[in-house]
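These notes concern the structure reproduced below.
Just so it is clear, none of the values below were taken in a lab; they were calculated from the coordinates. Keep in mind it's a predicted model, so treat the numbers as computed, not measured. Every residue, glycine among them, receives a Cβ derived from its backbone with ideal geometry; neighbour counts consider all protein chains shown.
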Amino acid sequence: MDSANESILSIQDLTMSYGGKQVLNGINLEVSKGQIIGYIGPNGAGKSTTVKIMLGLIDNYKGKVVIFGQDISTGDPSYKRRIGYVPENAEAYDNLTAMEYLVFIGELYGLDQAFAQGKAESLLQQFELIDVRHARLSSFSKGMKQKVLIISSLLHNPDLLFWDEPLSGLDANSMMVIQEILSQLAEEGKTIFYSSHIMDLVEKISNRIVLLVNGKVVADGSFEELQEQSEEGSLSGIFNQLTGFTEHREKAAHFVSVVRGDHDDA
Amino acid sequence: MREFKSLKFIALFKGLFRRFGVDYEVMMLILRIKLTMDERRVPTVFNEMGKKKEGNQFLKSLWIYGIYSLLLLPFLFIGENYIFQMSIMFGMILFILMTSMIADFTSVLLDVRDKNVLQTKPVDKKTITVAKTIHILIYMSFVTGAFVALPLFVGLYRHGPLFSLIFLGEIILAMLLVVVLTSLLYLFVLRYFDGERLKDIINYVQILLSVGLIVGYQVLIHAFEFTNLNITYSFSWWHYLIPPIWYGAPFEMILNGNTAGHMIAFTALAILVPIVAILVYSRLMPSFERNLEKMLSDTKSRKPGRHLLDEFWAKLLCRSKEERVFSDFQH
């Protein structure tokens, strides 16, 4: 195995505007091998945009993104061979069966068809989806579909994982399995970059947390480091503090009063 | 997954794709998956029929184009005035192809899932673009085939092999022109608008185009003068703007030996415009893909407009609250 601080991913001064609106305001990030990075932030902070840029889905950004030592702006897609991606809203080709989809994705990653099939089957077995492997994805529940997408991102044994909301729709047991998979993969030297809104989980499994607010990194470090910086005890507390959100109680009270029908200022 | 005959045909051009730097194996892989999915897509009309239909519904609806094509046949029998006959025929062909393209393939062209599924994989953009275009072309050839087969054979019988040869060549050019023009049109629309607005605009474009094509017919027919059932053609500069006439000209030029300057110019346009359009299209494709991202997001907020007149009618005509809700919902 290579040295532990080999740089996998490096982002320098990443900015991006979108229809006149500045979505990313100069992000700097260095990621080395074996890290599990929880990428968190309020809705619309630019998390998914960053991930999309790194995957080459968006190319009119400014700044420099280097993955596995290759500047991705060259347009050469070969670096994606070592990346696994779980998209944000479980998008897949729904008319295909789980097996067809997985084999297709495996083949896109350059795997042999028989090999992809065998591997997909044994992974489906682990997730207890083997009985529905020939059913269409459109008939799957959100959690089942999410599991298929997670498998599809791992078929080719990638070195870097981008998981956008990987736990949405999963039940508590599956979440524990995924959590365990993440930490074991990281031990194997994989680098994992995931975003989530479930703070307890991020707190538990990440060894580094990056908090994004308004397209800027406002906190970056292990949970313990973040705790030292702020006085809050939990990650959601830190999250609230750093995003400048303190009036949740008043907000909720106001919301409920509107629900009740008090027309105080409506 | 079964093998597709259309893919076997495409396999004949393996070398050509390789020459253009397309990853042939990956392209075939994508096409096979796309065609498999198309077989399973049930058109909304059939959803309520309860019965589960197998096979590609689109291919099963092709016979209708065969019936449409009967309309073209009379024009093959009214003499040798090719510039008139063939301009009208190509007017119809372009109309059918364009409307079918907009009605059936907008979803293929604007599919945003492709981005997440394909573009995140180690597949280069050129291969994805070519696969997408070939996917559309496969279906367009089916539509064109169904629409043109009958006239082609009748033409062969009536006007001889040279006629059919020109016809075939021009059909391919016309098909390319339609596919590329539609894509360029969307490209243009996508450039200036975003999100939800874009989907509305595409609807408007679809309507406008249909209207435009009908109006175009009138313009086309006015290029000819009818006197006592004799149809004569006299050239004006604006004829350069009417594509069907471009496609009528080669017949006139080759079969009737009419080598007037404008005939040659029309022929040149018929051949060059599709080729130039393809070149422009391939140059602009990256920005098209980029703008496609807009389909996923809706960044602009807009004010809901109040429709006073609608509200008035709703109040007047709908007695219960429920009725009014549905009336409002329609707008």
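The table below lists the values:
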item: Computed [θ] at 222 nm, deg cm²/dmol, the protein assembly as shown (DSSP H ≥ 4; -39,500 (n - 2.57); rounded to nearest 500); result: -18000 deg cm²/dmol
item: The stretch A:155-187 versus the stretch B:79-121: alpha-carbon centroid distance in Å; result: 44
item: Approximate shape of the stretch A:70-134 as ellipsoid semi-axes (Cα gyration tensor, √5λ), whole Å, largest first; result: 25, 14, 11
item: Cα→Cβ-extended label distance, 7 Å offset, between B:T259 and B:E225, nm; result: 2.7
item: Using distinct alpha-carbon pairs, which all enter the 1/r mean, Kirkwood radius of the stretch A:65-106 in Å; result: 12.5
item: Karplus-derived HN-Hα couplings along the stretch A:69-76 (A = 6.51, B = -1.76, C = 1.60, θ = phi - 60°), whole Hz, x at Gly and Pro; result: x, 10, 6, 6, 6, 5, x, 6
item: Ordering of A:253-261, A:142-150 by burial proxy (mean other Cβ atoms within 10 Å per residue, highest first); result: A:142-150, A:253-261
item: With Cα atoms, 0 to 90° folded angle of helix A:113-126 axis to chain A main axis; result: 50
item: Reciprocal mean inverse distance between Cα atoms of the protein assembly as shown - Kirkwood radius, Å; result: 28.0
item: Residues A:S17 and A:N173, FRET efficiency given R0 of 41 Å [Cβ-Cβ distance, rounded to 0.05]; result: 0.45
item: Unit Cα scatterers, Debye sum, the stretch A:97-229: log10 I(q)/I(0) for q = 0.09, 0.14, 0.16 Å⁻¹; result: -0.31, -0.69, -0.86
item: All aspartates and glutamates inside 13 Å of B:K321 as judged from Cα atoms, apart from same-chain residues fewer than 8 positions distant; result: B:E311
item: Kirkwood estimate for the stretch B:5-300, i.e. one over the average of 1/r between Cα atoms, Å; result: 20.9
item: Alpha carbon convex hull of the stretch A:1-68, volume per residue in cubic angstrom; result: 87
item: Rounded FRET efficiency, nearest 0.05, which uses the C-beta distance separating A:A253 from B:L279 and R0 of 56 Å; result: 0.35
item: Candidates A:E250, A:E100, A:E203: whichever shows maximal mean-square fluctuation once chain A is modelled as a Gaussian network with Cα springs under 10 Å; result: A:E250
item: Between helix A:172-187 and chain A: long-axis angle, C-alpha atoms, 0 to 90°, nearest 10; result: 70
item: Pairs of Cα atoms farther than 26 Å apart, the stretch B:70-193, %; result: 33
item: Local electrostatic count, A:T15, Cβ distance below 14 Å [Lys/Arg +1, Asp/Glu -1]; result: +2
item: Rg followed by Dmax, in Å, when the stretch B:110-177 is reduced to its Cα trace; result: 17.3, 54
item: Debye log10 I(q)/I(0) for chain A, one point scatterer per Cα, at q = 0.10, 0.12 Å⁻¹; result: -0.57, -0.80
item: Residue-averaged beta-carbon neighbours from other chains (10 angstrom radius) around A:77-86; result: 3
item: Cut-off under 5 Å, modelled amide H: who pairs with A:V217 long-range; result: A:N28
item: Solution diffusion estimate, µm²/s, Stokes-Einstein, the stretch B:232-289, Kirkwood Rh from C-alpha pairs, 20 °C, viscosity 1.002 mPa s; result: 170
